[in-house]
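Novice: What follows is a structure written as structure tokens; I'll ask about it next.
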Amino acid sequence: MQYRRAKISGATYFFTVVTYNRRKILCIPDNIDLLREVFRKTRKRHPFKIDAMVVIPDHLHCIWTLPQGDADFSMRWRLIKSCFSRKCQKPAGWVEQSETQQNISSRLKKREQDVWQRRFWEHLIRDEQDFIRHVEYIHYNPVRHGFVIAPKDWEHSSFHRYVRNGIYDPKWGAGMEMEFETTVGYE
């Protein structure tokens, strides 16, 4: 079965993008700065709105709204991933011993770098409720993974912007365990 992406001009999408073999490279401070720079440059050339975002050591989640007349989120991800891959800091011992020579050879033939998984997960946001559920999923994600006990304690999240804008109380998500429907989010 061939996977088809829902591409609707001007729509809002939830994305999950994962590092290759879940390597924890998105916790390196220089890589966080680079990711911000790459997003800024990509948005300048190909505008889109970042409605919500969180960066975890081995993956990120975000919600984007594309401009009217534009549905090409794949091109934007290709630019972000390739630019980041060329410039990111890779920790010592980067090449995994468990990877077979055939996998390495296949990736090199395709000129892929082992920074990101090949694809990404996207979900077309259907309505305001769906949007809210995915924003909450994004902001609660660092708690869900055990990195912090409250969303306010995770630095690399749009949660802080939502607090500044009066959408969330700073204590939101603290001291509680949130459950999400299986249709919300993707790890």
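Novice: Could you grab me the full set of residues in the range 1-54 that are modelled with pLDDT of 95 or more, surrounded by fewer than 15 Cβ atoms within 10 Å (Cβ to Cβ) and of a type in the set (Lys, Arg)?
Specialist: Correct list: 36, 40, 41, 44, 45, 49.
Novice: Here is a check on your reading of the model: is residue 155 at pLDDT 95 or above, more than 25 Å from residue 46 (Cβ to Cβ) and either in contact with a helix residue (DSSP H, G or I) (Cβ under 8 Å, 6 or more places away or on another chain) or surrounded by fewer than 16 Cβ atoms within 10 Å (Cβ to Cβ) (or both)?
Specialist: yes
Novice: Test residue 121 against the criterion of being touching a helix residue (DSSP H, G or I) at 6+ places or on another chain (Cβ under 7 Å) and either within 17 Å of residue 19 (Cβ to Cβ) or not β-branched (Val, Ile, Thr) (or both), and give yes or no.
Specialist: No, not satisfied.
Novice: Let me ask you something else. How many residues are modelled with pLDDT of 95 or more and either in contact with a Ser or Thr (Cβ under 9 Å, 6 or more places away or on another chain) or closer than 18 Å to residue 57 by Cβ (or both) when one looks only at the range 158-187?
Specialist: Number satisfying all stated conditions: 2.
Conditions (1) charged (D, E, K, R); (2) touching a Cys at 6+ places or on another chain (Cβ under 8 Å); (3) more than 17 Å from residue 116 (Cβ to Cβ); (4) not in a helix (DSSP H, G or I), marked per residue:
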{"residue": "16", "(1), (2), (3), (4)": "no, no, no, yes"}
{"residue": "26", "(1), (2), (3), (4)": "no, no, no, yes"}
{"residue": "34", "(1), (2), (3), (4)": "no, yes, no, no"}
{"residue": "38", "(1), (2), (3), (4)": "no, yes, no, no"}
{"residue": "53", "(1), (2), (3), (4)": "no, yes, no, yes"}
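Novice: Right, another one. Could you please let me know if residue 49 is within 22 Å of residue 123 (Cβ to Cβ), under 15 Å from the mean Cα position of the chain (by Cα) and not β-branched (Val, Ile, Thr)?
Specialist: Against the criterion (within 22 Å of residue 123 (Cβ to Cβ), under 15 Å from the mean Cα position of the chain (by Cα) and not β-branched (Val, Ile, Thr)), residue 49 qualifies.
The values are calculated or read from the model by the stated rules, or taken from the named source; none is laboratory data. Here the structure is a predicted model, which means the values were calculated and not measured. For neighbour counting, all protein chains shown are included, and Cβ atoms are generated from backbone atoms with ideal geometry for every residue, glycine included.
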